[in-house]
Ligand code: SF4
């Protein structure tokens, strides 16, 4: 599989915020979000066996880029991790469905739909091990408060998250995301790795 990096860190956002994990960042994405901080210029090819040798943590976060673009390799990796009893999380933009038998092996998927993309919201919303994370912000791919007021009430609150766009430590829009999450009765996600200048 084409991969950017494997590293140990602490999950800084979403439902597993604060938990230690090994991150497997796959290369390539089908979207071009303004301000995207994923750089795949140094990506390399690794086999599933090579990736498995680099993983020691119990919890694994497969991220990108967009990991579902390499579905065959992704499925093989998930099956290998599952066979070892790992807790598997995946982060995706939701533009590609994941087959039922692979999705069932995940602790959960965090789907972060980007405004204007083809993200299959009904498909994801009905899956019990899927969390939906909407990024509030002014960038063209982020969501406005008005759009979230329309979209969020039909979703299951416990599995819905609002997070502020932020690549700067102060995250000026975090308070707006907090207030909006509170008014809609859904979860707020910070970005701890950005605040603490960690990855
Ligand atoms: S979907 Fe994610 S990885 Fe892809 S361009 Fe957008 S922010 Fe970057």
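Read-outs: derived from the displayed coordinates by stated rules, not from any lab. In this text, all values refer to a predicted model and were calculated from it rather than measured experimentally. Every residue, glycine among them, receives a Cβ derived from its backbone with ideal geometry; neighbour counts consider all protein chains shown.
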For region 1-65, compute the orientation-averaged projected area of the C-alpha convex hull (one quarter of its surface), in nm². 4.9
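Would you mind giving the average projected area, over all directions, of the Cα convex hull of region 9-112 in nm² with one decimal?
Working: hull surface 26.0 nm².
Projected area, direction-averaged: 6.5 nm².
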What ranking of 112, 189 emerges when the number of other C-beta atoms within 10 Å of each C-beta is taken as an exposure proxy, fewest first? 112, 189
Out of 149, 131, 89, any idea which swings most in a Gaussian network model of the chain, alpha carbons joined below 10 Å? 149
Choice from 136, 103, 182 with maximal GNM fluctuation in the chain (Cα, 10 Å cutoff): 182
Over the Cα atoms of region 74-172 the radius of gyration and the largest Cα-Cα distance (Dmax), both in Å, equal 14.7, 44
Angle between the chain longest axis and helix 71-83 axis [Cα atoms, degrees, rounded to 10]: 80
In µm²/s, what is D for the chain at 37 °C and 0.692 mPa s, where D = kT/(6 pi eta Rh) by Stokes-Einstein and Rh is the Kirkwood radius from Cα pairs? 192
Tell me, what is the FRET efficiency for residue 101 and residue 182 to the nearest 0.05, using R0 = 41 angstrom and their Cβ-Cβ distance as r? 0.65
Bin all alpha-carbon pair distances of region 125-175 at 10 Å intervals from 0 and give each bin's fraction as a whole percent. 23, 50, 24, 2
Would you mind pulling out the separation of the Cα centroids of region 181-199 and region 1-50, in Å? 19
